[in-house]
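The values are calculated or read from the model by the stated rules, or taken from the named source; none is laboratory data. All figures in this text were calculated on a predicted structure; none of them were measured in a lab. Because the Cβ atoms are built from the backbone with ideal geometry, glycine has one as well, and the counts that use them run over all protein chains shown. For the accessible areas, the whole protein counts, side chains as well, though only heavy atoms, and no ligand, DNA or RNA atoms are used. Shrake-Rupley method; radii C 1.70, N 1.55, O 1.52, S 1.80 Å.
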Amino acid sequence: MSTVEHTPSESAPDAQKWVDVQASDDFAQLKHRLRKFVFPVSGLFLAWYLLYVLLADYAHGFMSTKVIGNINVGLIFGLLQFVSTFVITTLYVRHANKHLDPLAEKLRGELEGDGK
Amino acid sequence: MNESSPILNISIFGVFVLITLFVVIRASRNTKTAADYLAAGRAFTGPQNGIAIAGDYLSAASFLGIAGAIALNGYDGFLYSIGFLVAWLVALLLVAELLRNTGKYTMGDVLSFRMRQRPVRAAAATSTMAVSFFYLLAQMAGAGGLVALLLGITGTGGQSLVIAVVGALMIAYVLIGGMKGTTWVQIIKAVLLIAGAGIMTLWVLGMYKFNLSSLLGAAVENAPKAGEKLLGPGLAYGKNGTTKLDFLSLALALVLGTAGLPHILMRFYTVPTAKEARRSVVWAIWLIGIFYLFTLVLGYGAGALVGPDAINKAPGKANSAAPLLALELGGPILLGLIAAVAFATILAVVAGLTITASASFAHDIYANIIKKGKEEDKDSEVKVARITAIVIGLVSIGGGIIANGQNIAFLVALAFAVAASANLPTILYSLFWKRFNTSGALWSIYGGLIVTITLIVLSPAVSGQPTSMFKNADFALFPLSNPGIVSIPVAFLLGYVGTILSKEKADPVKQAEMEVRSLTGAGAEKAIAH
C-alpha cells in the first residue's frame, strides 16, 4: 500500500503561522537572496538574447564578418548564447545550494516542526 | 531514397514499441492513487526527470525541423535552437522550483492558489487544453508527413491509418502507464534521440577532420543558390521589414513560451522536492543545449553531404534532411534507426501532451470545479483522467487526419504564443506580485488567449498566402505570422490593468501562505513511498 509521508493538512501550520513566517527576518533574507539573484540575471540574459536577435535580424553584414576560416561573428555570438546559458545555470545552482537551500531548510523545519 | 527499406524501418520501430510497452506495463504495477497516476508518485530523481523533460521538449520539430532549416536556410535555422534553449533559463530561475513547492498536479493549482478557485481553475484549464491541443495537432499532422518520407506511404488512406496507429499507441501508454509510464517512454526516447544525433554528429565531423570551418565551407560549396549567405543570418527572415519583425516576434514567443507550456510544467511535479526540480532543469538544459549543438552540425552536414537540391526533391522537403543524411552516412540501417527515433519522438511527445490535458480536465475541472474539491485525490479523479485521455486521443487522431498536409508550423507557433501570452504572465504575477488578484488572473489568461488566437486567425499563416491554411481567402489583416510581439506585452498589461481596476483585494493570508510555501517548500506535496 502506498503511504503518504506527510499531507499538508497534517503538518501544515495554521494561517497565522504563514503570516508570521512571512514577516520574519529569516524569510525576508531568503526572499531578498532569491530576488537579488534571479531578477537581475533574468534581465541580463533576456537583454543579451534580445541584442543577439536584433543583431541577427538587422545587422547581417556585421554578423557575416568572417573571423577564423568560415567561422563568422554570427556563429560565435550564437555559440556564446549557449555558453552564457550553461554558465548562468551553473552559477544559479551554486547560489541556490550555498545561499538559498540552508535558509529554506531552516524555515521549513521550523514550520513543519520536525526539525528536518 | 532507393536504398531506404520501409520494412526495416517498421521493424525497428516495432521493437521500440514492444520495449516501451513492456516498460510501461511494469511501471504501472505500482500506480494506485491519483498522485501515482498524475505525478508518478513524485518519485523520479532530478536527473531522470531532466532526461524526461528533454524527451518531452525535443519534438520531431526540433530534430527534423531544425536540422532541415539549417540545411536549407543555414544560419536562420540555428536561430530557432537558441530561442528554444535560452527559454530554459526562465523556467530555471523564475518558475520551476516555486511551482513545484506550491502545486500538486497542474498549472491551475498554482494559478488558483490564492485566488477564487473556480473561475481561475476554469481559465487555467482552458488555456492548458488550448496549448496542449494545438501542440498535439501539430505533432499528429507531422506524423503523416514523416510517414510519407520514412515508410514510403504516400496515399492519404495509408497516412491516416498510421496517424490512427500513433494515436492508439499513445492512448495505450497513457491509460496503462499514467505519468510514470509516460515518463519512462520519454526517458528511453531521449536517450535514443540524443545518442543517435550524437553518433551522426561525430561521424559528420570525422569526415571533415573535426574542423567546423571545412564543414561550413563544404556546405557553402554544395549550395550554389545560397552560397556564402548560408553562413550568415537573413536567408529565411531577411527578405523585408515584415519578415524581420516576424522573426523578432517569433524569437520573443520562443524564449517566453517554454516556461508556460503546461506539459513541461507538469513534469516538475514528478520529483520529490524543489531541489530535485532544480536538478532536473539543469540536466534538461545541458541535454537540450548539447542536442542543439548536434543539430547545427547535422544541418550543415546534410547541406554538405546531401545537398539542398536533393533535400528539396525528397517527399518531406526540409524535414527529410536528417534522415537523408543518415542514409548517406550509414545506409538503410542507420536510416531505419533514425526513422524509428523520429517516430518514437512523436509518440512520446503526444503521450506527454495527452496526460497533461487529461490531468487538467480531471483535476481542475472535474475534481475542483464540478465536485468542488470533494473528489480530489479520489479514485474517480484518476478514472476521469483516463476517460479524458481516450477522448483527447480520439479527437487528436481525427484532428491529425484532417490537419495532415496542412501548414503545421503555425500550430506550433500558436502553442508557444498562447503559452507565452496567456500562461507566463499569469504565473509570474501569481508568484511575484503581491497585489495580483482573481480579476487580474482572468484578464491575463483569457485576454492573452483571445488576443493570440484572434491575431493568428487574422495572420498570413491562415489566409492570403500560397502557404496559408486557406489559400483562396484573404482576411489577413495582421501582417505577422507570429503574434508574440503584440500579444505578450498586451497580456502582461491586461493582468496589471485587471488587477488595478478590480476592487477585490488580494487575500493577504493566502498570499503569505503561497509565498512562504513557494520559497521554503514547507507543506509541499511529498513523494510517495511504496
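Table for the structure above
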item: Within chain B: Cβ-based charge dipole about Cα centre, in debye rounded to nearest 20 (Lys, Arg +1; Asp, Glu -1); result: 1180 debye
item: Of the trypsin sites (Lys or Arg not before Pro) in the stretch B:57-141, those whose Cβ has at most 15 other Cβ within 10 Å and which sit in DSSP loop; result: B:Arg116
item: Chymotrypsin sites (Phe, Trp or Tyr not before Pro) within the stretch B:82-143: DSSP coil, no more than 12 neighbouring Cβ in 10 Å; result: none
item: Positive-end residue, the stretch B:6-520 charge dipole about Cα centroid, Cβ charges, pick of B:Met140, B:Leu325, B:Val204; result: B:Met140
item: Anchor B:Lys371: aspartates and glutamates whose Cα lies under 17 Å away (excluding residues fewer than 8 positions away in-chain); result: B:Asp109, B:Asp379, B:Glu381
item: Using distinct alpha-carbon pairs, which all enter the 1/r mean, Kirkwood radius of the protein assembly as shown in Å; result: 24.9 Å
item: Given charges at beta-carbon only (K, R positive; D, E negative), |dipole| of the protein assembly as shown in Debye; result: 460 debye
item: Nonlocal amide H pairs with B:Leu235, under 5 Å, H built at 1.01 Å; result: B:Asp76
item: Cα centroid of the stretch B:79-146 to Cα centroid of the stretch B:356-421, whole Å; result: 12 Å
item: Alpha-carbon Rg with Dmax, taken over chain A, Å; result: 22.6, 66
item: Contact order normalised by residue count of the stretch B:73-227, Cα under 8 Å, 6+ apart, percent; result: 8 percent
item: Contact order normalised by residue count of chain B, Cα under 8 Å, 6+ apart, percent; result: 30 percent
item: Cα-based helix-to-principal-axis angle, B:212-221 vs chain B, degrees rounded to 10; result: 60 degrees
item: The stretch A:37-116, dipole about Cα centre (Lys/Arg Cβ +1, Asp/Glu Cβ -1), debye to the nearest 20; result: 280 debye
item: Mean-position separation - Cα centroids, the stretch A:63-116 and the stretch B:250-265, in angstrom; result: 18 Å
item: The stretch B:83-169 - Rg and Dmax from Cα coordinates, angstrom; result: 18.6, 54
item: Cα-Cα separations in the stretch B:76-130 greater than 19 Å, expressed as whole percent; result: 46 percent
item: Karplus-derived HN-Hα couplings along the stretch A:83-94 (A = 6.51, B = -1.76, C = 1.60, θ = phi - 60°), whole Hz, x at Gly and Pro; result: 4, 5, 4, 5, 5, 4, 4, 5, 5, 5, 4, 5
item: Phi-based couplings in Hz for the stretch B:24-33 (Karplus 6.51, -1.76, 1.60; Gly and Pro marked x); result: 5, 5, 4, 5, 7, 4, 9, 7, 10, 9
item: Pairs of lysine residues in the stretch B:173-273 - Cα separation under 30 Å, sequence separation of 8 or more or cross-chain; result: 8
item: Extreme residue, positive dipole direction of the protein assembly as shown, given options B:Ser127, B:Leu21, B:Thr426 (C-beta unit charges); result: B:Thr426
item: Proximal lysines to A:Lys36, defined as alpha-carbon separation beneath 23 angstrom and excluding residues fewer than eight positions away on the same chain; result: A:Lys98, A:Lys106, B:Lys275, B:Lys434
item: Residue-level accessible surface for A:His32, protein heavy atoms, 1.4 Å, Å²; result: 100 Å²
item: Rounded to whole Hz, the Karplus (6.51, -1.76, 1.60) HN-Hα couplings of the stretch B:295-310, x for glycine and proline; result: 5, 4, 5, 5, x, 5, x, 5, x, 6, 9, 9, x, x, 5, 4
item: Inter-label distance for B:Asp474 and A:Asn97, nm, one decimal - labels placed 7 Å from Cα along Cα-to-Cβ; result: 6.0 nm
item: Value at 222 nm in deg cm²/dmol, rounded to 500, when DSSP H runs of n ≥ 4 in chain A each add -39,500 (n - 2.57); result: -24000 deg cm²/dmol
item: Amide proton proximity set for A:Asn72, modelled H, under 5 Å, gap of 5+; result: A:Val67
item: Cβ neighbours within 10 Å from other chains - mean over B:291-298; result: 1
item: Shape metrics for chain B, restricted to C-alpha atoms - Rg then Dmax, Å; result: 22.4, 69
item: Restricting the stretch B:315-410 to trypsin sites (Lys or Arg not before Pro) in coil, as DSSP defines it, with at most 11 other Cβ within 10 Å; result: B:Lys372, B:Lys374
item: Unit charges at the beta carbon, dipole of the protein assembly as shown: most positive-side option, B:Gly373, B:Ala164, B:Val282; result: B:Gly373
item: Per-residue mean of C-beta atoms belonging to partner chains within 10 Å, peptide A:14-23; result: 5
